[in-house]
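> Let me begin by handing over the structure; questions about it come next.
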Amino acid sequence: MTDSSKSKLEGKKILIVDDDPELGKILSDRLVHGSHLPVVAETAKVAQQLISEKKFDLVISDIRMPGMSGIQLLHWIRTHCPSPVILISGFSDITGKSEANDLGAMAYLTKPFSYDELIKTIQSCFPQDPGTNPFSEDPDSSFFNIQIKDFIQNQKLQHDIYVRISENKYLKAYQSGDEFNLNLLSASSRLISNTFYVRKSDLQKYKEFNLIFANKIKQSITSNRYTKINFIKKTSDMVLQKLYTTNVPFDSFSQAKNLVISTINLLSESTYTLELLCNLANKSDFLYMHSISVSLYSVLIGIHSGWKSPPVLFNLSLGGLMHDVGKTTLPQELLDKHEQDMTPEEVIIYKTHSQKGFELLSEIKEIPRQVLQLVLEHHENCLGTGYPSKFKKTEISPLSRTMAVANEFCNLVIKNSNDRELSYREAILEMTSDENLEVFDEEALTGLSKLFGMSYSKRKKSA
Ligand SMILES: [Fe+2]
């Protein structure tokens, strides 16, 4: 923690509420300051007990928890103590923010978030800290300054907006009733340091305006192209940051990450493929994170298996992003289940997702044939027991065999809910065990092992 961050947190008693003990510990470790160790509660019930016993300056709570949710806890806190509350949400929970706004949540953190975001969000909860309060008051005027990022695109303004031309002198830049336009605002902001001003008397309208926005975010995601693109880019960046690991060579990671970003940018240019990306992201956080992970690791394994051709690596990247797009047509309750917990009928439905994804993408003429094949074959295996076609090894394309390895690897190291995630090493050992030797493609397993500096052939001989 930096000295300046330390001073902002000095003396603050923080309660962290998260049912994931590891995340709770990470947050606690990061927010230790002096002798002040944040308190961690693993359930909202425990948090209620702690809050009843002592005063906290800040509560940071996950939204999704078994039993009482973060929103329910926020509701209880608002009637029992004045502590500001930061809610941690997945980006698919974004619509819940309107309810949380109504209940008085101070701020949000969207998973995955960086340390800087965490600190900035916490700082925004303590208005006495100069320069960190989004409504910070200019002491010489009757105006509040507001950062450009706090304005909303394509909404009719409920109040006037001013620019500051000198001390105590303000010029009206936008009038109440004008439609807010980020492009115009961005152009202007280059001259005025990303800051606009609102009259103190309009502050309530400004806040209400943002509440209206929060209520409309979900609608915007489905109706506004600009918002969709921003949503996809922001969430993709967050996922890719989260996926960064020092266990793989930095150059390879950067190359793969840049390719995935370029692919997402390309998909964002077409209305239909942008819609598919949004559907993946809106279906569930995990599905979107898994899709980006498989894209990234397919490229990484491809690079370390000797694939050099840019079109081939692009196909891996695109195939990885789209491989599970067929799942967007399946009921969420089915996707929330482990395959071993599904009924035989449910398994049959679940296994249609590769065929459905293939059909969805076949309607887009720009999608390369090799990518359609990747989507269709990503659950085939070298034993010939996969689906939908039970292809033998030689019938499955080499790229599909590579992506099948990336898919399984990501399934082992990045889990949904509270399932234990394997370490990279554990996952590779499991995939290269005697039991699985005939399931996965040997070259792709070698590439995966190389990526993590492990020797697959040597272990195979000594096994
Ligand atoms: Fe799949």
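Values in this text are rule-based calculations from the coordinates and carry no lab data. In this text the structure is predicted, and so the values were computed from the model without any measurement. Note that each Cβ is placed from the backbone with ideal geometry, even for glycine, and that neighbours are counted across all protein chains shown.
> Once both labels are modelled 7 Å past Cα along the beta-carbon direction, what's the ASP57-GLU395 spacing in nm?
Calculated label separation equals 6.6 nm.
> Still on this structure, please answer the following. Can you work out the PRE-style zone for TYR272? Point 7 Å along Cα to Cβ, and I want the residues of the stretch 345-382 with backbone N under 19 Å.
Hits in the stretch 345-382 for TYR272 at 19 Å: 354-376.
> Roughly what would the spin-label model give for ARG30 and GLU117, points 7 Å off Cα along C-beta, in nm?
0.9 nm
> Around ILE88, which amide H atoms from residues at least 5 apart in sequence, or from another chain, sit under 5 Å from its own amide H, with H modelled in the peptide plane?
Hits under the 5 Å cutoff: SER61, ASP62, ILE63, LEU109.
> Given charges of +1 on the Cβ of Lys and Arg and -1 on the Cβ of Asp and Glu, with all other atoms neutral, how large is the dipole of the stretch 310-410 about its Cα centre, in debye to the nearest 20? Before the final figure, lay out each step's value.
Numbers: 10 positive and 14 negative charges, 94 e Å.
With Lys and Arg at +1 and Asp and Glu at -1, about 460 debye.
> With the contact rule set at Cα under 8 Å and sequence spacing of 6 or more, what percent relative contact order holds for the stretch 235-308?
Values: 30 pairs, mean separation 29.8, N = 74.
Contact order relative to length: 40 percent.
> Let me ask another. Measure out, as a whole number of angstrom, how far apart the alpha-carbon centroids of the stretch 286-335 and the stretch 412-453 sit.
16 Å
> Tell me the chymotrypsin sites (Phe, Trp or Tyr not before Pro) within the stretch 244-288 that lie in a loop according to DSSP and have at most 13 other beta-carbon atoms within 10 Å.
Here the sparse-neighbourhood loop sites are TYR244.
> While we're here: A 21 angstrom limit on the alpha carbon distance is what I want to check against. Which of LYS45/LYS283; LYS337/LYS393; LYS351/LYS450; LYS283/LYS356; LYS13/LYS45 exceed it?
LYS45/LYS283; LYS337/LYS393; LYS351/LYS450, as the Cα separations exceed 21 Å there.
> Also, I was wondering about something else. I want to check the label-to-label distance for GLN241 and GLU346. Put each point 7 Å from Cα in the C-beta direction and report it in nm to one decimal.
With each label placed 7 Å out from Cα toward Cβ, I get 3.5 nm.
> Rank these for me by crowding, LEU266, LEU360, going from fewest to most other beta carbons within 10 Å. Walk me through the numbers before you get to the answer.
Details: LEU266 14, LEU360 20.
Placing the least packed residue first, the sequence is LEU266, LEU360.
> How would VAL46, VAL59 line up from fewest to most surrounding beta-carbon atoms within 10 angstrom?
On the way: VAL46 14, VAL59 28.
Lowest to highest Cβ neighbour count: VAL46, VAL59.
> What FRET efficiency, computed as 1/(1 + (r/R0)^6) with R0 = 35 Å and r the Cβ-Cβ distance, is obtained for ILE261 and GLU363, rounded to the nearest 0.05?
Details: r = 25 Å, r/R0 = 0.72.
Once rounded, the FRET efficiency stands at 0.90.
> Can you compute the charge dipole magnitude of the stretch 224-462 about its Cα centre, using +1 on each Lys and Arg Cβ and -1 on each Asp and Glu Cβ, nothing else charged? Give it in debye, rounded to the nearest 20.
Charge dipole of the stretch 224-462: 720 debye, to the nearest 20.
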